[in-house]
Amino acid sequence: MTANDAASRAAELAAIRDDIVHGNTRGTEQQHTKGKLTVRERLALLFDEGTFQEVETLRRHRATGFGLEGKRPHTDGVVTGWGLVEGRTVFVYAHDFRIFGGSLGEAHATKIHKIMDMALAAGAPLVSLNDGAGARIQEGVQALAGYGGIFARNTKASGVIPQISVMLGPCAGGAAYSPALTDFVFMVRDTSQMFITGPDVVRAVTGEEISQNGLGGADVHAETSGVAHFAYDDEETCLADVRFLLSMLPDNNRQTPPTCPAGAPADPTGATLQSLVPADGTRPYDMRAVIEQLVDDGEHMEVHERWALSIICTLARLDGHVVGIVANQPRSLAGVLDIHSSEKAARFVQFCDAFNIPLITLVDVPGFLPGVGQEHGGIIRHGAKLLYAYCNATVPRISLILRKAYGGAYIVMDSRSIGADLAYAWPTNEIAVMGAEGAANVVFRREIREAADPEATRAELVKAYKTELMHPYYAAERGLVDDVIDPAETRTALIAGLAMLRRKHQSLPLRKHGNPPT
């Protein structure tokens, strides 16, 4: 090859690459008209400036027939590669809706399979930016097989590298199962939807009329189904929070989360904590305010903020180290555990355990939610998910009882009996099988019924039960609580406990895998 030939080829390649990046102006305008960014604009927001490295840019499909002849655009509708997020390597695949509607064919799937394999081999997080029309009909069963390869790799990578799905457009049919297999799902309101069967099929089969957003929009999945962990009004904010989440996660399951200089507490004296939690166990308060007092700079990233509201699951830093916090929320259903809150917390605990994130459990729980609907819906099975997750977790675990901890819910919320490394309690704590009023009605039923003044007798017996079995030091005297601490000392105690547990090593019995309740 002559120098002129080489120069000509280089110029030709440069022109092709320029057309790939800057071409298709009509498709770009359509994206912007819908309030959506293009794939390249999204990648620029996700990665540190100038760090994205694309692979298989020139890949094209080889299908024939059904209108695909002569339509062989480069990239085949998906951009794959890697870059840096806060200086750390992250892999990505991102659908380009401007090309075949981002639909998946053989070449498209092969690119995704390759980048997923690369992420797993490199031990680095994988992010998918989803904006596609599903399987490419013209390629038939090959497209379906391509999805199968993605699902198999999602499962293989589960618990090995963090996997994050960002929904920035439609995701229908079998394509929706890949995000469901990943660790976190982000959605953008109005422009992203997820469903197995769309509104037209629902209308044909059931007669129900519903819009795409009403069936599978961001708010539906963030509030009702629990499919989405985060929901945003725009793509820029969404991708900024993806970056923030990645900054708190390790590259893989063999590493610990990245540390940073310790942040300042909201109140260095800790005195504010005492005033946030009413001593009266029937009065509600916002557990988020407690969390903000404990963590660095009052900053945390709540998972499933709008679903299963009686429990809070959030990631934060304590003395510069990442922790996962599970906390009952007395503002919602008095902080009870129900079907959804048990499932929400169980998956969060499993995630933290998989990626070496220590767990702090803040307990103020009156029990499991009673009712026919809960029992028939399988509260036993769902509550057992949370129990299994805690019992199976080998990361450092600290529990703190702020106020009340009754019945089986006390056990499930990472009590000492199921393996918490350290268990603390505030002086306002009450640990018992049930509340004093209910317990007195059961234990002293006959005495109350036969008393000359049943109400006075009941009040006296309730007081006696509290004094004998529910005083703050009863559990500590029996070794079920390591220490009863001043609320003002809580942050200091948690930091010291986590520092001691940082080198904890615990192994599970040799087995292929457990069989958790589902």
### Residue, surrounded by the fewest Cβ atoms within 10 Å (Cβ to Cβ), within the stretch 151-175, restricted to residues that are out of contact with any Phe, Trp or Tyr (no Cβ under 7 Å at 6 or more places or on another chain) and at pLDDT below 95
Gly173
### Query
Since Glu49 meets every condition but one in (1) more than 18 Å from Glu235 (Cβ to Cβ); (2) modelled with pLDDT of 95 or more; (3) assigned to a loop (DSSP other than H, G, I, E, B), which condition does it not meet?
(1)
### Query
Among (1) closer than 20 Å to Arg347 by Cα; (2) touching a strand residue (DSSP E or B) at 6+ places or on another chain (Cβ under 7 Å); (3) without any contact (Cβ under 8 Å) to a residue 60 or more places away in the chain, which single condition is Gly198 missing?
(1)
### Query
Does Ala308 satisfy being within 18 Å of Ala231 (Cβ to Cβ), out of contact with any Phe, Trp or Tyr (no Cβ under 7 Å at 6 or more places or on another chain) and either in contact (Cβ under 8 Å) with a residue 40 or more places away in the chain or of a type in the set (A, V, I, L, M) (or both)?
yes
### Message
Of the residues Glu447, Glu455, Glu477, only one is acidic (Asp, Glu), touching a helix residue (DSSP H, G or I) at 6+ places or on another chain (Cβ under 7 Å) and farther than 29 Å from Ser342 by Cβ; which?
### Response
Glu447
#### Entry: Scope the stretch 23-40; condition assigned to a helix (DSSP H, G or I) and among the hydrophobic types (A, V, I, L, M, F, W, C); matching residues
Val39
### Query
When the residues of the stretch 453-488 are filtered to those that are among the small types (Gly, Ala, Ser) and not in a loop (DSSP other than H, G, I, E, B), which remaining residue is farthest from Ile398 (Cα to Cα)?
Ala456
### Query
If we keep just the residues of the stretch 104-117 that are touching a residue at least 40 places away in the same chain (Cβ under 8 Å) and hydrophobic (A, V, I, L, M, F, W, C), which is surrounded by the most Cβ atoms within 10 Å (Cβ to Cβ)?
Leu104
### Task
Output the residue which, of all residues in the stretch 434-452 that are modelled with pLDDT of 70 or more and not in a helix (DSSP H, G or I), is surrounded by the most Cβ atoms within 10 Å (Cβ to Cβ).
Phe444
### Query
Pick from the stretch 315-348 the residues that are among the β-branched types (Val, Ile, Thr) and more than 20 Å from Tyr410 (Cα to Cα): which of them is surrounded by the fewest Cβ atoms within 10 Å (Cβ to Cβ)?
Val322
### Query
For the stretch 132-146, does any single residue satisfy the condition of being at negative phi and within 24 Å of the chain's Cα centre (by Cα)?
yes
### Message
Return the residues of the stretch 291-305 that are in contact (Cβ under 8 Å) with a residue 60 or more places away in the chain and more than 18 Å from the chain's Cα centre (by Cα); say none if nothing qualifies.
### Response
Gln293, Leu294
### Message
Restricting to the stretch 455-478, name every residue that is among the hydrophobic types (A, V, I, L, M, F, W, C) and touching a strand residue (DSSP E or B) at 6+ places or on another chain (Cβ under 7 Å).
### Response
Leu469, Met470, Ala475, Ala476
### Task
Test Tyr424 against the stated conditions and say whether it is in the same structural domain as Gln293 (by TED's automatic domain parsing) and part of a helix (DSSP H, G or I).
no
#### Entry: Test for Tyr465: is it closer than 30 Å to Gln293 by Cα and not acidic (Asp, Glu)
no
### Message
For the structure I just gave you, tell me whether Ala452 is outside the structural domain of Ala496 (by TED's automatic domain parsing) and either more than 18 Å from Cys313 (Cβ to Cβ) or among the basic types (Lys, Arg) (or both).
### Response
yes
### Message
With the structure loaded, tell me whether Asp280 is more than 23 Å from Ile431 (Cβ to Cβ) and surrounded by fewer than 24 Cβ atoms within 10 Å (Cβ to Cβ) or whether it fails that test.
### Response
no
### Summary
Exception for Glu54 within (1) at pLDDT 95 or above; (2) assigned to a loop (DSSP other than H, G, I, E, B); (3) among the acidic types (Asp, Glu) falls at (2)
### Query
Would it be correct to say that Phe186 is of a type in the set (Phe, Trp, Tyr), in contact with a His (Cβ under 9 Å, 6 or more places away or on another chain) and buried (at least 18 other Cβ atoms within 10 Å of the Cβ)?
yes
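The values are calculated or read from the model by the stated rules, or taken from the named source; none is laboratory data. Everything numeric here is computed off the predicted structure, so don't read it as measured data. Heads up, the Cβs are rebuilt from the backbone with ideal geometry, glycines too, and the neighbour counts pull from every protein chain shown.
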